[in-house]
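Participant: Quick one: this structure, given as structure tokens, is what I'll be asking you about.
The values are calculated or read from the model by the stated rules, or taken from the named source; none is laboratory data. All values reported here derive from a predicted model rather than from experimental measurement. Cβ: placed from backbone, ideal geometry, glycine included. Neighbour counts: every protein chain shown.
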Amino acid sequence: MICPHCNTGIRFEISGSSAVYVDDLHAKEAYDVAHGFCSECNGFVVLLRRGSYRTQYNGNDANHEMAEVRSAQVLYPAKQGERHLPDEVPLDYRRDFSEASRTLAVSPRASAALSRRLLQHLLHDELQIEGNSLAAEIEQFVKRSGVPSQLTEAIDAIRNVGNFAAHPLKDSQTGMVIEVEPGEAEWLLDVLEAMFDFVFVQPMRLRQRKAQLNAKLSAAGKPPMK
């Protein structure tokens, strides 16, 4: 996930959670409130998590616990208004992402549609990934080598968070405005931020550091780093 304090992609470690509250007994759906600290900036984060649960029995007592987390919405710190991307991200992407983030408070459905379309645009134009559906394109991306595991896990979760099985139009017609699951629109924005960091920001900053190092090597009469 993206830390809401420092905007760094992190593998968030849960340090505690509330009791699990059953939302749909028949469908085995539940939610809890979990909290922890960012591994980069140590900022405190509270999440509302939704997913499936399992029941543990201790005599006559039944206790529920989360079995699989399908979505996680940041409750604290609250993200307000528009999100901003670094200047390394091309203007057209920044413009569309800004629109999706501003739309979130008014219509999560519209925001999610904009984000799905933007994600597919990024996969097609920057990573040359094309398939017959968004799910198939995500599958191609997660199988690529050199992609951080936290990013593959985050983008792969889009299919579960968005419940593609129940809403196939999200998969085949990514820009269509249809119902969203709790936390889905926020998750899409988080994943897009992480994808932009991976595709644009980190490679450009690495090239800049390499150029600076080669300038120092050249000044010292040493061969440049390849």
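Participant: Do the conditions hold for residue 151, that is, is it outside any loop (DSSP other than H, G, I, E, B), surrounded by 19 or more Cβ atoms within 10 Å (Cβ to Cβ), at pLDDT 90 or above and not assigned by TED's automatic domain parsing to the domain that holds residue 12? Can you show your working first?
Facilitator: Numbers: outside any loop (DSSP other than H, G, I, E, B): yes; surrounded by 19 or more Cβ atoms within 10 Å (Cβ to Cβ): no; at pLDDT 90 or above: yes; not assigned by TED's automatic domain parsing to the domain that holds residue 12: yes.
Here the answer is no, as residue 151 does not meet what is asked.
Participant: Which of (1) of a type outside the set (A, V, I, L, M, F, W, C); (2) surrounded by 19 or more Cβ atoms within 10 Å (Cβ to Cβ); (3) not assigned by TED's automatic domain parsing to the domain that holds residue 22 is the odd one out, the single condition residue 90 does not satisfy?
Facilitator: Condition not satisfied by residue 90: (2).
Participant: Do we have any residue at all in the stretch 122-140 that's in a helix (DSSP H, G or I), crowded, with 19+ Cβ neighbours inside 10 Å and touching a Ser or Thr at 6+ places or on another chain (Cβ under 8 Å)?
Facilitator: yes
Participant: Restricting the search to the stretch 174-226, which residues are under 21 Å from the mean Cα position of the chain (by Cα), not in a loop (DSSP other than H, G, I, E, B) and not aliphatic (A, V, I, L, M)?
Facilitator: Across the stretch 174-226, the qualifying residues are 184, 186, 187, 190, 193, 196, 197, 198, 200, 202, 203.
Participant: Looking at 15, 107, which one is more than 18 Å from residue 182 (Cα to Cα) and hydroxyl-bearing (Ser, Thr, Tyr)? Quick ask: steps written out before the conclusion?
Facilitator: Numbers: 107 fails: more than 18 Å from residue 182 (Cα to Cα).
Answer to the selection: 15.
Participant: Residue 164 is checked against (1) assigned to a loop (DSSP other than H, G, I, E, B); (2) under 14 Å from residue 118 (Cβ atoms) and fails just one. What number does that condition carry?
Facilitator: Looking at each condition in turn, residue 164 falls short on (2).
Participant: What number of residues within the stretch 110-138 are under 24 Å from residue 69 (Cβ atoms), free of Cβ contacts under 8 Å to residues at least 24 places away in the same chain and within 15 Å of the chain's Cα centre (by Cα)?
Facilitator: Qualifying residue count for the region: 1.
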